[in-house]
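Asker: Can you read through this structure? Questions will come right after.
Where a number appears in this text, it was derived from the coordinates with a stated rule and is not lab data. Note that this is a predicted model, so its numbers are computed, not measured. Virtual Cβ from ideal backbone geometry, glycine too; neighbours counted across all protein chains shown.
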Amino acid sequence: MSLTKPYLPNADNDRVTWMNNFNAKLPGYATALGITAAEIASVKKDTAMPTL
């Protein structure tokens, strides 16, 4: 049994919520984490993909 909680939820609907939250907060951490504008744009593009 793992003692750590996984950072990704199991349910697809919960993953959509997680991804939207990640997309919204990532730009605020970009400088500190060395994330480029192109990487931020890629995450935004991924988040905009339709879900089935």
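Asker: With r defined as the distance between the Cβ atoms of TYR7 and LYS45 and R0 fixed at 25 Å, what FRET efficiency is calculated, to the nearest 0.05?
Answerer: That pair, TYR7 with LYS45, gives E of 0.70.
Asker: Sticking with this structure for a sec: About its Cα centre, how strong a charge dipole does the chain have in debye, to the nearest 20, once Lys and Arg get +1 and Asp and Glu get -1 at the Cβ?
Answerer: Computed about the Cα centre, the dipole is about 80 debye.
Asker: With the convex hull built on the Cα atoms of the chain, state its orientation-averaged projected area in nm².
Answerer: 4.8
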